[in-house]
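What follows is one structure encoded as structure tokens, with my remarks underneath.
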Amino acid sequence: MRWFAALLMLAVPSALAGETPAPLTCPATLNPAGAAGQGAARQFERINIYNGKPGGEEYDLAPDDETKAGPRITQVWFLKDYRSMAIFVRCRYRGTSAVTTLDVPAKYQKCRFTFEMDSKNNITGKPEFSCN
């Protein structure tokens with residue numbers, strides 16, 4: 001019976017390692033350098049996904065799929081085809097040029113960005129972004 005317990009102890013960490021990673025998301029708000037006072041936090045607006053090296057050779061990746069339902073748009077990137085180089089995301093915020101840059105580790109296979117646009121092509125509401 002002891003050998004079974006030892007085998008179980010070895011198997012559980014291996015099984016847990018294969019679990020789906022927690023989704024990668026952009027911070028909901030950003031406080032850019034130099035922003036002071038109440039209301040300085042900027043709300044998440046949109047993303048750009050790149051492969052390459054931030055600040056070096058960067059290639060902006062177009063979505064692999066896009067669906068529209070009224071003003072709601074969902075864009076999807078399937079990352080495995082772009083893994084010959086590093087993949088990263090720039091999270092962009094309303095009212096500032098400041099960004100947050102996130103590396104997208106190889107364990108993430110797909111990114112999804114859902115947002116709404118008004119008649120003037122402005123992103124409205126609360127966009128959602130995640131990689132899993």
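Please treat every number below as a calculation from the coordinates, not as lab data. If you're wondering where the values come from, they're calculated on a predicted model, not measured in any experiment. Cβ coordinates were reconstructed from backbone atoms using ideal geometry, including for glycine residues, and neighbour counts include every protein chain displayed.
A few remarks follow.
- Diffusion coefficient, µm² s⁻¹, Stokes-Einstein with Kirkwood Rh over alpha-carbon pairs of region 48-121 at 25 °C and 0.890 mPa s: 182 µm²/s
- The 3J(HN,Hα) values that the Karplus relation (6.51, -1.76, 1.60; θ = phi - 60°) gives for region 48-56 are, in residue order, 10, 10, 10, 10, x, 10, x, x, x Hz. Gly and Pro appear as x.
- Shape call, region 89-132: gyration tensor on alpha carbons, a/c limit 1.5: oblate
- Rounded to the nearest 20 debye, the dipole size of region 25-131 about its Cα centre is 240 debye, using +1 on the Cβ of Lys and Arg and -1 on the Cβ of Asp and Glu.
- For region 81-89, putting each phi into the Karplus relation 6.51 cos²θ - 1.76 cosθ + 1.60 with θ = phi - 60° gives couplings of 6, 10, 7, 5, 10, 5, 10, 9, 10 Hz, in residue order, rounded to whole numbers and with x for Gly and Pro.
- Bridgeable lysines around residue 107 (alpha carbons under 27 Å apart, same-chain partners fewer than 8 residues away excluded): 53, 80, 126.
- Couplings for region 107-115, taken from phi via the Karplus curve 6.51 cos²θ - 1.76 cosθ + 1.60 with θ = phi - 60°, read 5, 8, 9, 8, 10, 10, 10, 10, 8 Hz in order; Gly and Pro are left as x.
- Scanning residues 5 or more positions from residue 108 or on other chains, none has an amide H under 5 Å from its amide H, with H placed 1.01 Å from N in the peptide plane.
- Put a dot 7 Å past the Cα of residue 76, heading toward its Cβ, do the same for residue 132, and the two dots end up 1.2 nm apart.
- Taking Cβ atoms as reference points and 11 Å as the exclusive limit, the residues near residue 26 contribute a net charge of +1, counting Lys and Arg as +1 and Asp and Glu as -1.
- Shape of region 39-85, Cα gyration tensor, a/c cut at 1.5: oblate
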